[in-house]
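Data block below; observations after.
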Amino acid sequence: MTPALSRGALPLLAAILVAGPMAAQQTDPRLERLEAAIRPAVAALVDSARAAMLPTEPLVQRALEGATKHASGDVIVAAVRRLAVDLAHARDALGSTASPAELTAGAAALRAGASPTILAQLRQTRRQPLTMPLAVLADLVASGVPVDSAAAAVLALAARARDADLVEFRRAVERDIALGAPPAAATAAAATLSSVQVNAGARQQRPGRP
């Protein structure tokens, strides 16, 4: 179950959820590609996110993606609103210092099924940027790995693994799944191997005693 939002997040989510009827003061010119009927609603959502210091580029891209796919206006507005809410949830879990890239990756992980608690645990576990661990988590779930298995593996690796190690881990899981391994088993096996490799690399980098 999703944990309760902080008090600071509630006004932000309320603003995002009701945004739409208001006309935006600053309209991204790219939104001119949208139908005139939904342009004010999308622009208002983008403006609400900007005022809350959330990244707005993902919202614009989501709207343009919908237009390219000829989605209906209601579908486009709903998709942009959902993403704005996910970005707000990601910021609540990752903290106010999270970068736009981290928030975008966090929103994708939440959409994939990860909980805000998992995002918060990643923040506590890893000092480096979280963009790659969050992206790998979302990709694993999209590949059929259960959320709990994917989260446990990423959390176990995140503290010491480099981004390149996480990418290789993800590739190993996807390769084993393609070869017929059950997703959860493939994840556990790849995580064990990656952990051994990461630990071995750390020992090699550690200066030896004279």
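Structure notes:
- The set of residues in the range 159-182 being of a type outside the set (D, E, K, R) and closer than 19 Å to Thr125 by Cα consists of Ala159, Ala161, Ala164, Leu166, Val167, Phe169.
- Of the residues in the range 14-35, at least one is at pLDDT below 95, β-branched (Val, Ile, Thr), in a helix (DSSP H, G or I) and open to solvent by 50 Å² or more (accessible area, probe 1.4 Å).
- Residue among Ala120, Ala105, Ala164, Ala150 that alone is within 29 Å of Gln61 (Cβ to Cβ), modelled with pLDDT under 95 and not in a loop (DSSP other than H, G, I, E, B): Ala164
- Single condition Thr97 does not satisfy, out of (1) within 22 Å of Leu31 (Cα to Cα); (2) open to solvent by 30 Å² or more (accessible area, probe 1.4 Å); (3) not aliphatic (A, V, I, L, M): (1)
- Summed over the range 108-117, the residues that are part of a helix (DSSP H, G or I) and polar (S, T, N, Q) give a count of 1.
- The range 66-102, subset assigned to a helix (DSSP H, G or I) and among the basic types (Lys, Arg), residue nearest to Ala36 (Cα to Cα): Arg81
- Residue satisfying all of: in the range 117-144; open to solvent by 50 Å² or more (accessible area, probe 1.4 Å) and among the basic types (Lys, Arg); nearest to Arg91 (Cα to Cα) among these: Arg123
- Pairs are defined by a Cβ separation below 9 Å, a sequence spacing of at least 6 or placement on different chains, a first member in the range 95-106 that is of a type in the set (Ser, Thr, Tyr), and a second member that is open to solvent by less than 20 Å² (accessible area, probe 1.4 Å) and part of a loop (DSSP other than H, G, I, E, B); the pairs so defined are Ser99/Pro55; Ser99/Leu130; Thr104/Pro55.
- Looking only at residues of the range 169-210 that are in contact with a helix residue (DSSP H, G or I) (Cβ under 6 Å, 6 or more places away or on another chain) and of a type in the set (Gly, Ala, Ser), we find that the one that is modelled with the lowest pLDDT is Ser194.
The values are calculated or read from the model by the stated rules, or taken from the named source; none is laboratory data. Only a predicted model underlies this, so the values are computations on that prediction, with no experimental measurement involved. So basically every Cβ, Gly included, is an ideal-geometry build from the backbone, and we count neighbours across all protein chains shown. Ligands, DNA and RNA are stripped out before the accessible areas are found, and what is left, the full protein with its side chains, is counted by its heavy atoms. Shrake-Rupley method; radii C 1.70, N 1.55, O 1.52, S 1.80 Å.
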